[in-house]
Amino acid sequence: MFDEIIGNEQIKKELERAMLENKVSHSYMFVGIEGIGKQMIAKEFARIVLCTNEQEKGCHQCKSCIEFMSNNHPDFLYLEPDGNSIKIEQIRYLQRKIQEKPIISDKKVYIINDADKMTTEAQNCLLKTLEEPPEYSTIILIGSNENAFLNTIKSRCMKIAFQPIEAKYIKQYMEKTYGMTNISQNMLDAFQGSIGKAILLKDKKEQYESIENMIEKLDKTDMTELMKLGEPLYQAKDEIRNILDYINIILLKLAKENTQYANCIDIIENTKKRLNQNANYDMCIDNMIFNMWEEVN
């Protein structure tokens, strides 16, 4: 049923079993890091739950599947943040719609994406629906920060914890879909098990490789040459936090052979703090490169 979606095989099997045994819960909480397929699995799950073909669930051919795939299904609602949060007015709209009987299917499915961005008022409002849901309804909350949910919300949902996707599957996907070859292990580690992050970084492979080259030459070149190698850092202001995380991945591996590199990780973390305090960008990068070079030489 979820053949086109990579990763989280056990979760897919559990959801398939729930549908086949007619044991779909009234409320789920899909939690895990960004970019690991939570939203894709939730939408596919919704389509199959709503499918009216009893012989072949998720048939792609019944009126329900056709309406769903055209984003026009009257028994399905997808909510996401209005600005920076999901507001109480959005939840009140959901509550009005959920009281209406299904039109095409026997069920109704509601997905709230980035549900961890619901305001406290919105969560308290939603609680009333989670406590007494209509028998035909299923609500799926999707979020990356489980701690942002009220305990009362969490206690009324079936938690589905998504896991990072194995690097080999991400590598296969990026090669097949984007023709991205010769992906280094460091870059695979930077993806952190997230296909979403891999897609965001796919066009920056050359930039990341040049930074990796700079770090690996910290103890092999003089300061003047190192500053030239570090030039991409000065042009990467919008991407710098991801790049600093990437540098730490490289440093952690180097630290296993030389403990001086462990001290460089502290330098990176201090640079992050200074940038968060709006310190001068170029000066932060200057100090970071010089201090790392001094540490290992």
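What follows is calculated from the coordinates using simple rules that are stated; it is not laboratory data. Keep in mind that this is a model prediction, so the values were computed, not measured. Using ideal geometry, Cβ is built from the backbone for each residue, glycine included, and neighbour counts are taken over all protein chains shown.
For I140, the amide hydrogen comes within under 5 Å of the amide hydrogens of Y28, Y110, I111, I112, counting only partners 5 or more places away or on other chains and with H modelled in the peptide plane. Between A161 and Q277, the FRET efficiency from the beta-carbon distance, with R0 = 35 Å, is close to 0.50. For K237 and D82, a Förster radius of 25 Å and the Cβ-Cβ distance give a FRET efficiency of 0.30, rounded to the nearest 0.05.
Size descriptors for the range 9-161, from the alpha-carbon set: Rg then Dmax equal 14.7, 42 Å.
Across all directions, the average flat footprint of the convex hull enclosing the Cα atoms of the chain is 18.1 nm². When only Cα pairs below 8 angstrom with a gap of at least 6 residues are kept, the chain shows a relative contact order of 18 percent.
Could you work out the relative contact order of the range 9-161? I mean the mean sequence separation of Cα pairs under 8 Å and 6+ apart, divided by the number of residues, in percent.
Details: 238 pairs, mean separation 51.5, N = 153.
34 percent.
Taking the Kirkwood radius as Rh and the Cα radius of gyration as Rg, the range 206-297 has a ratio of Rg/Rh equal to 0.92. Within the chain, DSSP assigns beta bridges of which about 5% are antiparallel (rounded to the nearest 5). Taking only alpha carbon atoms, the range 19-59 gives an Rg to Rh ratio of 1.02, where Rh is the Kirkwood radius. Result for the chain in a Gaussian network model with C-alpha springs under 10 Å: among Y178, Y246, Y208, the largest mean-square fluctuation is at Y178. Were the residues from K176 through Q61 laid out at 0.36 nm apart, the gain over their Cα-Cα distance would be 38.6 nm.
With each label modelled as a point 7 angstrom along the Cα→C-beta vector, the Y169-D189 pair spans 2.2 nm. Once the Cβ-Cβ distance of E257 and E100 is raised to the sixth power relative to R0 = 51 Å, the FRET efficiency obtained is 0.20.
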